[in-house]
1. Please give the FRET efficiency for THR96 paired with ALA157, using the beta carbon to beta carbon distance and R0 = 35 Å, rounded to the nearest 0.05.
2. Lysines within cross-link reach of LYS108: Cα-Cα under 24 Å, excluding same-chain residues under 8 positions apart?
3. Determine the distance separating the Cα centre of segment 93-107 from the Cα centre of segment 108-161; give it in Å without decimals.
4. Ordered by packing density, taken as the mean number of other Cβ atoms within 10 Å over each peptide's residues, highest first, how do 121-128, 135-142, 106-113 rank?
5. Name the residues whose placed amide hydrogens come within less than 5 Å of the amide hydrogen of GLY123, ignoring near sequence neighbours (fewer than 5 apart) on the same chain.
6. What are the ³J(HN,Hα) couplings of segment 95-112, residue after residue, when phi is run through the Karplus curve with 6.51, -1.76, 1.60 and θ = phi - 60°? Round to Hz, x for glycine and proline.
7. When DSSP beta bridges are limited to those with both residues in segment 60-152, what percentage is antiparallel, rounded to the nearest 5?
8. Subtract the Cα-Cα distance of TRP136 and LYS104 from 0.36 nm times their separation in residues, and report this length gain in nm to one decimal.
Amino acid sequence: MTSVAAQELSSAVIEDPATSCLPQELQPHQSPSDTATVTASQTQDDRPSSSVFSRNEEAPVHNVPMRVIQRPLPSELDENKVLTFMEEMKRGDSFTPIEIIKVKSALKVNPTGPKEAFYFAMGGCHRFEATKRLGWETIRARIIEVPAKQMRVYLGAGSPF
């Protein structure tokens with residue numbers, strides 16, 4: 001992520017800095033009216049145990065900017081489900097947060113360069129698509145930090161790190 005993208009990200013994410021897994025430079029200035037973040041302390045128990053999708057349900061929920069999320073696998077969407085989700089979201093219904101996989105690594109084209117943050121969504125395709133079509137800038141998500149080596153298994157040759 002470039003420093004320009006990092007600066008843009010800081011203005012779009014609502015986090016509690018004490019529990020956020022986003023870097024300090026990406027933390028926004030939160031106003032007292034912001035109540036979109038669920039807080040809980042993160043510990044080693046919040047990390048994946050058997051797969052990248054294992055997660056402690058008490059992990060904090062973040063509002064993650066849609067523009068930073070990569071979807072490396074094509075989605076198989078049920079159009080009616082997406083449309084239903086869109087209507088329910090417009091009504092204000094609350095949905096289960098999607099899971100975002102965060103990887104910090106140097107790019108493979110510059111392995112000695114600085115580490116960059118990558119955000120991947122592997123599931124939640126209908127919630128993601130409904131949010132995207134509604135033009136919403138953020139989506140509720142739990143962030144799972146995963147080592148680059150583990151994520152390369154899923155991404156294969158297309159991995160940027």
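1. For R0 = 35 Å, the calculated efficiency reads 0.65.
2. LYS149
3. Taking the Cα centre of segment 108-161 as reference, the centre of segment 93-107 is 7 Å away.
4. Peptide ranking by packing, descending: 121-128, 135-142, 106-113.
5. Correct list: GLU99.
6. Computed from phi, the couplings for segment 95-112 are 10, 4, x, 6, 9, 10, 9, 9, 10, 10, 6, 6, 5, 5, 6, 8, x, 9 Hz.
7. Close to 60 percent.
8. Net length gain for the segment: 9.0 nm.
Values in this text are rule-based calculations from the coordinates and carry no lab data. Small disclaimer: the values here were computed from a predicted structure and weren't measured. Note: ideal-geometry Cβ built from the backbone for every residue, glycine included; neighbour counts use all protein chains shown.
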